[in-house]
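Undergrad: A single structure is presented below for examination.
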Amino acid sequence: TFDTRLIATGPIKDGVLNGDLIVQGSGDPTIDNENNLFTDWAKKLKMAGITRITGRLIGDDRAMDAGATWPGTRLGTGWSWDDLIFGFAAPTSALTYHENTVHLVITPGPAAGRTPSAHIDESASGLTLVNRTVTSPRHSESSLRLLRLPGQATLELRGSIPLNTEPIRLPVSVDDPTLFFLRVFHHTLLREGIEVIGGAVDIDDIDSDTVLQSKENSQLLLDHHSPPLSELAISMMKRSQNLYAETIFRTLGDKHGRTIGAGQAVVKDLLETWSIETDQFIILDGSGLSRYNYITPEALVRVLEHVRLNSQSATIFEATLPIAGQDGTLAHRMKGTNATGNARAKTGTMSNVSGLSGFVQTRDGENLVFAILANNYKSRSSTITRIIDRAVEQLADFAR
């Protein structure tokens, strides 16, 4: 599990915390206010006798990538720059809120040629929106383009949206996850009647030595735990949630610091113990968004075979995989075939790349492991998907 702690660095007297309130994260990717978590935290602080904080709300994100803010550490090596705008390529942080994404909402103007309205649905996002779009005639094609460079908070929207179409909601990534987390929590504290005099700051932007000295006399006010890995992995695999994968990848290297490099070393060492040679793979991130990742189908099959060797591990792992025709990223694939409810597999998709690896049972009950990779194709993705699905369907129809 991932834990998030609220720590007071000073005494609490007559409703006043005379010091800072530190939010110390470890990477929990599940924190969201949809379940009123921040509101619950604020109420617990009030139960502890706090209605005013004389210091700051400090975000301690050093548990992951040492709290680095440079995009090269929060993002993966070789991620396409034009992916970085979108929610599926959100940066990682030890403090994560709402999967580090917000929604951009675009509504066409009242007439062709007029400027559409556009806004970000979360005021605490830290993003600055520049709207350069136009309303196009009815029945024309929508052509929206987004631009936000790594490490910058300006989101530029260009293109057109047809007249009288429904508003479009696009999930976009935030630039600074830690400050996003702190701003939303800060707003919640104020709404619940807890005043914070010093504002919200990242621990990397202040004198951390002074903070560490004050922590010697600190007290733990709250310790929140995420769901266990077995549950996080289901959400990660069924939804193909990249942020979860990146967070878990870094956490694998906990003993050597939660970094990309430490995660790479752990995966490399593990695969070698499974007798998978290093010339069979290059793993540079946890999600597969990197164009520098390479792996052979044989290596994927070997990994899946190894998982099957331990029945307990196999049960837990297979529960995370999307089921053909039923749920996750395979909910609408292979319906009405012998693969439906049978094949369990993980998808992998980016521009001109498609993969599917997992398990399927043949018509006479034989369990098969498969890995299918398609690279550098020029055909429509839907055509490649049909070919991959047909291959798995034939495995499900097979009998010796």
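Undergrad: Distances longer than 19 Å among the Cα atoms of segment 97-157: what percent of all pairs is that?
TA: Tail fraction, whole percent: 36.
Undergrad: Go through Arg302, Arg333, Arg169 and list them by solvent-accessible area, largest first, probe radius 1.4 Å.
TA: The ordering from most to least exposed comes out as Arg169, Arg302, Arg333.
Undergrad: OK, next. What list of ³J(HN,Hα) values in whole Hz, one per residue of segment 342-357 in order, does the Karplus curve 6.51 cos²θ - 1.76 cosθ + 1.60 (θ = phi - 60°) give from phi, with Gly and Pro shown as x?
TA: 10, 5, 10, 7, 9, 7, x, 9, 8, 4, 6, 9, 8, x, 8, 9
Undergrad: Related question: Using only the Cα atoms, what convex hull volume per residue in Å³ does segment 1-109 have?
TA: Enclosed volume per residue, from the Cα hull, is 160 Å³.
Undergrad: What's the ranking of 156-167, 241-252 by average number of surrounding C-beta atoms within 10 Å, highest first?
TA: Listed from highest to lowest mean packing, they are 241-252, 156-167.
Undergrad: If you take the C-alpha gyration tensor of segment 66-206, multiply each eigenvalue by 5 and take the square root, what semi-axes do you get, largest first, in whole Å?
TA: 31, 19, 11
Undergrad: Using Cα pairs under 8 angstrom and six or more residues apart, how large is the relative contact order of the chain, in percent?
TA: 15 percent
Undergrad: Along the principal axes of its C-alpha atoms, what lengths does segment 185-292 span, in descending order and rounded to whole Å?
TA: That works out to 56, 33, 26 Å along the principal axes.
Undergrad: Can you compute 3J(HN,Hα) from phi for each residue in segment 261-272, using the Karplus curve 6.51 cos²θ - 1.76 cosθ + 1.60 with θ = phi - 60°, rounded to whole Hz and x for Gly and Pro?
TA: x, 5, x, 4, 5, 5, 5, 4, 5, 5, 5, 5
Undergrad: Going through the cross-link list Lys13/Lys44; Lys268/Lys335; Lys46/Lys238; Lys44/Lys255; Lys13/Lys255; Lys13/Lys43, which pairs have a Cα-Cα distance over 27 Å in this structure?
TA: From Lys13/Lys44; Lys268/Lys335; Lys46/Lys238; Lys44/Lys255; Lys13/Lys255; Lys13/Lys43, over 27 Å: Lys268/Lys335; Lys46/Lys238; Lys44/Lys255; Lys13/Lys255.
Undergrad: Send over the Kirkwood Rh of segment 260-400, from the inverse of the averaged 1/r over different Cα pairs, rounded to one decimal Å.
TA: 16.0 Å
Undergrad: Report the accessible area of Phe86, computed with a 1.4 Å probe over the heavy atoms of all protein chains in place, in Å² rounded to the nearest 10.
TA: Number for this one is 60 Å².
Undergrad: Between Val267 and Leu222, what is 0.36 nm times their sequence separation minus the Cα-Cα distance? Round to one decimal in nm.
TA: 12.9 nm
Undergrad: Based on alpha-carbon positions alone, could you give the equivalent ellipsoid semi-axes of segment 119-188 from the gyration tensor, as √(5λ), descending, whole Å?
TA: Equivalent ellipsoid semi-axes, largest first: 28, 14, 8 Å.
Undergrad: While we're here: Could you sort 281-292, 106-117 so that the peptide with the highest average Cβ count within 10 Å comes first and the rest follow in order?
TA: 281-292, 106-117
Undergrad: Something else: For the chain, what is the Kirkwood hydrodynamic radius in Å, using each pair of distinct C-alpha atoms?
TA: 23.5 Å
Undergrad: Relative to 2.2 N^0.38 Å, what does the C-alpha radius of gyration of segment 61-115 come to as a ratio? Two decimals please.
TA: Here the answer is 1.59, to two decimals.
Undergrad: Averaged per residue, what accessible area in Å² does segment 71-144 show with a 1.4 Å probe, protein chains only?
TA: With all protein chains present, segment 71-144 gives 43 Å² per residue.
Undergrad: Can you list the HN-Hα couplings for segment 222-233, worked out from phi with the Karplus curve (6.51, -1.76, 1.60; θ = phi - 60°), rounded to whole Hz and with x for Gly and Pro?
TA: Once θ is set to phi - 60°, the couplings for segment 222-233 become 7, 9, 9, 10, 6, x, x, 3, 4, 7, 4, 5 Hz.
Undergrad: Right, another one. Carbon and sulfur together cover what percent of the accessible area of the chain at a 1.4 Å probe radius?
TA: Answer for the chain is 51 percent, counting heavy atoms of protein chains only.
Undergrad: Accessible area per residue for segment 279-400 in Å², computed with a 1.4 Å probe and the full protein assembly in place, what is it?
TA: So segment 279-400 comes to 54 Å² accessible per residue, rounded to a whole number.
Undergrad: Per the helix-only calculation at 222 nm, which mean residue ellipticity applies to the chain, given -39500 (n - 2.57) for every DSSP H run of n ≥ 4 and division by its residues, nearest 500 deg cm²/dmol?
TA: The per-residue figure over the chain is -8500 deg cm²/dmol.
Undergrad: Using mean Cβ contacts within 10 Å as the protection proxy, how do 262-274, 335-347 order, highest first?
TA: My ranking of the peptides, most packed first, is 335-347, 262-274.
Undergrad: For Phe398 and Ser382, calculate 0.36 nm times their separation in residues minus their Cα-Cα distance, and state this gained length in nm to one decimal.
TA: 3.3 nm
Undergrad: Just need the relative contact order of segment 180-287 here, percent rounded to a whole number, with Cα pairs under 8 Å and 6+ apart.
TA: Result for segment 180-287 is 17 percent.
The values are calculated or read from the model by the stated rules, or taken from the named source; none is laboratory data. In this text the structure is predicted, and so the values were computed from the model without any measurement. No Cβ is skipped: glycine too gets one built from the backbone with ideal geometry, and neighbour counts run over all protein chains shown. Accessible surface areas use protein heavy atoms only, side chains included; no ligands, DNA or RNA. Shrake-Rupley method; radii C 1.70, N 1.55, O 1.52, S 1.80 Å.
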